[in-house]
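Below: the structure, in structure tokens.
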Amino acid sequence: MAVNVPGLVVVVIFYIVILAIGIWASGKSRKAEKSCAGTKSEVTIVGGRNISVLVGIFTTTATWVGGGYILGTAEVVYSPKQGLIWAIGPPAFFINLVVGGMFFAKPMRSKHYLTMLDPFQYRYGNMFTTSLLLPALVSDILWVSCILAALGGTMSVILGLSSTISIVISAAVSIFYTFLGGLYSVAYTDVIQLFFMFFSLFLCIPFVALSPAVTGASVHLNQSNVNSWVGELELADAGKWADEILLLALGTLAYQALYQRILSAASSAQAQITCFAAAGAVFIMGIPSVVIGAVAASADWNQTAYGLPAPFERGEAGKILPLALQYLTPTWLSVLGIGSVAAAVMSSMDSALLSSASMFTQNIYKSTLRKQASECELQWVIRICVLLVGLAGMGLAFSGESVFALWLLSTDLLYCIILPQLICVLHLSCANSYGAICGYVVGLLLRLLSGESILGIPPVLLFPGWREEDGVIIQNFPYRTLAMLCSLVCIITVSKMAEAGFHQRLVPRSWDLLGVFKEKRQDQGEGVPLPRDEENMMLSARL
């Protein structure tokens, strides 16, 4: 396929504009470092906590509306075995941001945390916090690979450009401006990227719907055509459907990228407003993908230059959005479409890069490895982490897996392991290190024993309703939700048992190897074990 030179020029111009905005925002970040009362690393991680509500809404929306969201939603709606009813992204992310605003924004922002791992560090210490970084890091790398794979496939279809070159160039641009300006560069580039996504994707809808291949096919439209994109939900698949929508709705509550936006707000009220407004915006941004996927399912591909067999029969359902733009819209509009996907990719990728870099620098490097590290040193650690996470995600982007599958997998460990821990550390004062460790092990063990076909891990536990397709075992039972709930129950139960055991002296105090409980002074009464005072630890750490 020949390279689309005019389209390539347009995309290059778009990248240059984004890069210029990122560089401009890095200058704004340096000014904030001089005027802000916080440290340089605080400006990089949470923008000095002075990101305006409007910019916060834009950057939160742009972060959630990534390549996986846009291409994955269109892929599912188009696929005959799934359809609209399986397009869980828009409603799941709406629920996610509403729940985040109601129950997580205030407790996180009111404590002046810098990262999602801060509350764990103050209550459980450094060792356990380090163990939580691992699933968070894996999730961010998978998220980066998912959105880069989406972009690579899109550019190869519309521009005739090698997906390898597309992935490398896009990753380099995103890494560079995140490297320079931290959250300021991420937030302000997100504003432009979201505007571009909104304009180009909604502009595509009438052109796709009025394409001769679609209007011609509509004459012969029957109920089977409608069912092909509406989809069906059989009772046997209800568990899997519920599991996946809960995975995206609740699992994404454990993303550092969400809390970076919450913690960058000037107050708890502003953080909540940001979440609620972004919830509606994210849902609206899913409409073009749904429409394009549905129209593509109803189109007569034999009337296009693509011909037959259709994309699904060729195994190209994951590329249905760029294919629809390429063959169902004018050339100039398909170029705008590739720009929208590029914008979606970079708006999510930069957030994932900064997310992992922030947690490692703040909660591992500064707190454990180099407690006396200077601000300049911390800045360079953040930049190196941004580079390494970007390179790791870029490497996985060449795997060729389904965009939708990678999108789900990126949230998997967060849902099963970190979410129950986050609920307990923010809302349950009874949770302690013993319960947290047991909950971590239970959640991880159940998830691994359930298997994962993308990673080549065979299931050991076969839940009710499982079946085998093409040599691959499909679990229809909501096994991810089961792992999450078991982890949550384990944290609460073991924590209460440990507290009761030490309080009632059923367990010798010398067995408190983790130092979770300590005695009152003798002048305050009998030595009764008390849990660590989280607030005092937090204040002393800040001072």
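Just a few scattered comments:
- If you check Glu375, Glu401 for being at pLDDT below 95, closer than 24 Å to Thr361 by Cα and acidic (Asp, Glu), only one passes: Glu375.
- Flag if Leu455 is outside any helix (DSSP H, G or I), out of contact with any helix residue (DSSP H, G or I) (no Cβ under 7 Å at 6 or more places or on another chain) and either aliphatic (A, V, I, L, M) or outside the structural domain of Val144 (by TED's automatic domain parsing) (or both): yes
- Selection over region 156-189 of residues that are outside any loop (DSSP other than H, G, I, E, B) and on the phi > 0 side of the Ramachandran plot gives a count of 1.
- In region 516-534 there is at least one residue matching the filter, namely being in a loop (DSSP other than H, G, I, E, B), at pLDDT 85 or above and closer than 30 Å to Gln372 by Cα.
- Residues in region 470-515 that are at pLDDT 90 or above, under 27 Å from Leu426 (Cα atoms) and outside any helix (DSSP H, G or I): Pro478 only.
- Helices (runs of 4 or more DSSP H) completely within region 41-155 that count 3 or more residues being touching a Gly at 6+ places or on another chain (Cβ under 6 Å): 67-78
- Criterion (under 20 Å from the mean Cα position of the chain (by Cα) and more than 24 Å from Ile57 (Cβ to Cβ)) met by exactly one of Leu387, Leu369, Leu328, Leu354: Leu387
Yes or no, residue by residue, for (1) among the charged types (D, E, K, R); (2) modelled with pLDDT under 90; (3) buried (at least 23 other Cβ atoms within 10 Å of the Cβ):
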{"residue": "Gly56", "(1), (2), (3)": "no, no, yes"}
{"residue": "Leu97", "(1), (2), (3)": "no, no, yes"}
{"residue": "Lys111", "(1), (2), (3)": "yes, no, no"}
{"residue": "Thr130", "(1), (2), (3)": "no, no, no"}
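- Inside region 190-221, residues that are at pLDDT 85 or above and outside any helix (DSSP H, G or I) make up a count of 2.
- Pick from region 170-183, criterion under 19 Å from the mean Cα position of the chain (by Cα) and of a type in the set (Ser, Thr, Tyr), ranking: nearest to Gly48 (Cα to Cα): Thr178
Residue by residue, here is whether (1) surrounded by 21 or more Cβ atoms within 10 Å (Cβ to Cβ); (2) among the polar types (S, T, N, Q); (3) out of contact with any His (no Cβ under 8 Å at 6 or more places or on another chain) holds:
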{"site": "Gln121", "(1), (2), (3)": "yes, yes, yes"}
{"site": "Gly125", "(1), (2), (3)": "no, no, yes"}
{"site": "Ala136", "(1), (2), (3)": "yes, no, yes"}
{"site": "Ser139", "(1), (2), (3)": "yes, yes, yes"}
{"site": "Ala150", "(1), (2), (3)": "yes, no, yes"}
{"site": "Ser156", "(1), (2), (3)": "no, yes, yes"}
{"site": "Thr164", "(1), (2), (3)": "no, yes, yes"}
{"site": "Thr178", "(1), (2), (3)": "yes, yes, yes"}
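- Single condition Val441 does not satisfy, out of (1) assigned by TED's automatic domain parsing to the domain that holds Phe176; (2) among the hydrophobic types (A, V, I, L, M, F, W, C); (3) surrounded by fewer than 19 Cβ atoms within 10 Å (Cβ to Cβ); (4) under 24 Å from the mean Cα position of the chain (by Cα): (1)
The values are calculated or read from the model by the stated rules, or taken from the named source; none is laboratory data. Quick caveat, the model's predicted, so the values are computed rather than measured. When we count neighbours, we look across all protein chains shown, and the Cβ atoms used for this are built from the backbone with ideal geometry, even at glycine.
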